[in-house]
Amino acid sequence: PHEGGILLGEGDAAYGVNYPDGLKNIMISNCTSNGRHVVNVGGYLCDSVITNLVNRNPKNDAVKAYKPNGLKNVVMSNIVTTAE
């Protein structure tokens, strides 16, 4: 399956650089995905909200951050994992 329904940030700088405070003030809400993750953060995300997610792939987390400390001041709520 695809890596994620929503792809945020740049993990390897192939398309640019995602600085630790570069991607911020994002709100993600009401998303469903059958992929590996609902939200995939390749770089950094800060000062944001992630809410109302349905993850239909119980083998993986709904939100995946690849960088150490990739999520800073990100509020997450109402995240549900189902087996379809």
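The values are calculated or read from the model by the stated rules, or taken from the named source; none is laboratory data. The shown structure was predicted, so the numbers you read here are calculated from the model rather than taken from an experiment. Because the Cβ atoms are built from the backbone with ideal geometry, glycine has one as well, and the counts that use them run over all protein chains shown. Just so you know, the surface numbers come from the protein's heavy atoms only, side chains and all, with ligands and any DNA or RNA stripped out. Shrake-Rupley method; radii C 1.70, N 1.55, O 1.52, S 1.80 Å.
Can you name the strands (runs of 3 or more DSSP E) wholly within segment 22-71 that have at least 2 residues being farther than 22 Å from D12 by Cβ and open to solvent by 60 Å² or more (accessible area, probe 1.4 Å)? Lay out the reasoning, then the answer.
Values: elements: 27-33, 37-41, 45-55, 63-65.
The strands (runs of 3 or more DSSP E) meeting that bar are 27-33.
A Cβ distance below 8 Å, combined with a sequence gap of six or more or placement on separate chains, defines the contacts here; from segment 28-42, residues that are without any contact (Cβ under 8 Å) to a residue 40 or more places away in the chain reach residues that are charged (D, E, K, R) and part of a strand (DSSP E or B) in the pairs R36/K64; H37/K64; V39/K64; N40/K64; V41/K64. Which members of segment 1-21 meet the condition of being closer than 15 Å to T81 by Cα and open to solvent by 30 Å² or more (accessible area, probe 1.4 Å)? Selection gives G5 alone.
Mind telling me which of the residues G35, G5 ends up being touching a Pro at 6+ places or on another chain (Cβ under 8 Å) and modelled with pLDDT of 85 or more?
Of the residues listed, the single one that is touching a Pro at 6+ places or on another chain (Cβ under 8 Å) and modelled with pLDDT of 85 or more is G35.
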